[in-house]
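Beneath this line is the structure, given in structure tokens, with notes to follow.
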Amino acid sequence: MIIKNKPNNINTKKYWDYRYQHNWRKLGGEDQTKNFFEYILTNLPSEIKKDIKNKRLVDSSCAFGQGVYILSKAFPLANISGVEFSEIALKECKKNYPKLKFERELNGKYFALFSSNTLEHCDYPLHVLHEFIKFVNRYCIILVPYKENPTNRINEHVYSFYDNDFPTQILEFRKIFQKEIFPEHWTGSQLLVIYKKTMKKKFFLPTYFYPFWPPKMATICTTFQFPIKPKKRKTKQTKIFERGASGFCRTCFLPF
């Protein structure tokens, strides 16, 4: 269910650079990240913990790196990194945890990808989730606010998650776990969702052919602006998506 309430400048890179530089720490952002990851690990099934304990893991949109630190303590044998698109936040990450690894974008394949309280900032979170999955070999672990009331939720949140918003199957990944949890430092509840790769890669339609592809292409994904050049396509249908586009957002594939 898409419920929008988005001022023009919310969730842009400029906006988050300002937030990280001026009030992320002051408003408790670091403690919130820490608490969310503690709840993820508390509710993570034991078989998944065992499976990922010595694998390559990543926290996507890691802010100041508290989630990466908690993962490194829980899985000391794993190869763990954090990804954050704000250079200001990346500097704080490296300052806070100089022995941990932080990057600006996802790189290669990860055995498990963690995303905590990120998708609600995206106009089309399922498109972002599709892109996350391309970098994952086994598990995609998602935590989002659950059943937020659009009339009094945080103004940075442009999407509210309700029942059945996460499909059973996404490409070769199947939803194997979904649980509502109640963090002490959060008003309301959170939804923990886990996808696991359960089949070999087969032919799937490109993301923009799915029924929930947005009909308007004027806006791009403002939270994750990693441009890539559009590929040449032969079919008449796909040429529609290339017309007038200088590139495509790497996460939602909307042209800009």
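Things worth noting here:
- The HN-Hα couplings worked out from phi for the stretch 101-115 by the Karplus form 6.51 cos²θ - 1.76 cosθ + 1.60 (θ = phi - 60°) are 9, 9, 9, 8, 8, 4, 9, x, 9, 10, 5, 9, 10, 9, 9 Hz, whole numbers, x standing for Gly and Pro.
- Under Karplus coefficients 6.51, -1.76 and 1.60, residue-wise ³J(HN,Hα) of the stretch 123-138 in Hz, glycine/proline x: 4, 10, x, 5, 5, 5, 5, 4, 6, 3, 4, 5, 9, 10, 8, 9
- Gain in span if fully extended, Asp31 to Glu87, counting 0.36 nm per residue against the direct Cα distance: 18.1 nm
- For the stretch 11-26, 3J(HN,Hα) per residue [Karplus equation, 6.51 cos²θ - 1.76 cosθ + 1.60, θ = phi - 60°, Hz, x = Gly/Pro]: 6, 7, 4, 4, 4, 6, 4, 5, 4, 5, 7, 10, 9, 4, 6, 4
- Between amide H atoms placed 1.01 Å from N, distances below 5 Å from Asn79 occur with Lys55, Arg56, Leu57, all of them 5 or more places distant or on a separate chain.
- Placing dummy labels 7 Å off each Cα toward the beta-carbon, the span from Glu180 to Lys134 is 3.4 nm.
- Put a dot 7 Å past the Cα of Gln21, heading toward its Cβ, do the same for Lys101, and the two dots end up 3.0 nm apart.
Bear in mind these aren't lab numbers, they're just calculated from the coordinates by the rules spelled out. As the structure is a computational prediction, the values presented were derived from the model and not from experiment. Ideal geometry is used to build each Cβ from the backbone, glycine not excepted, and the neighbour counts take in all protein chains shown.
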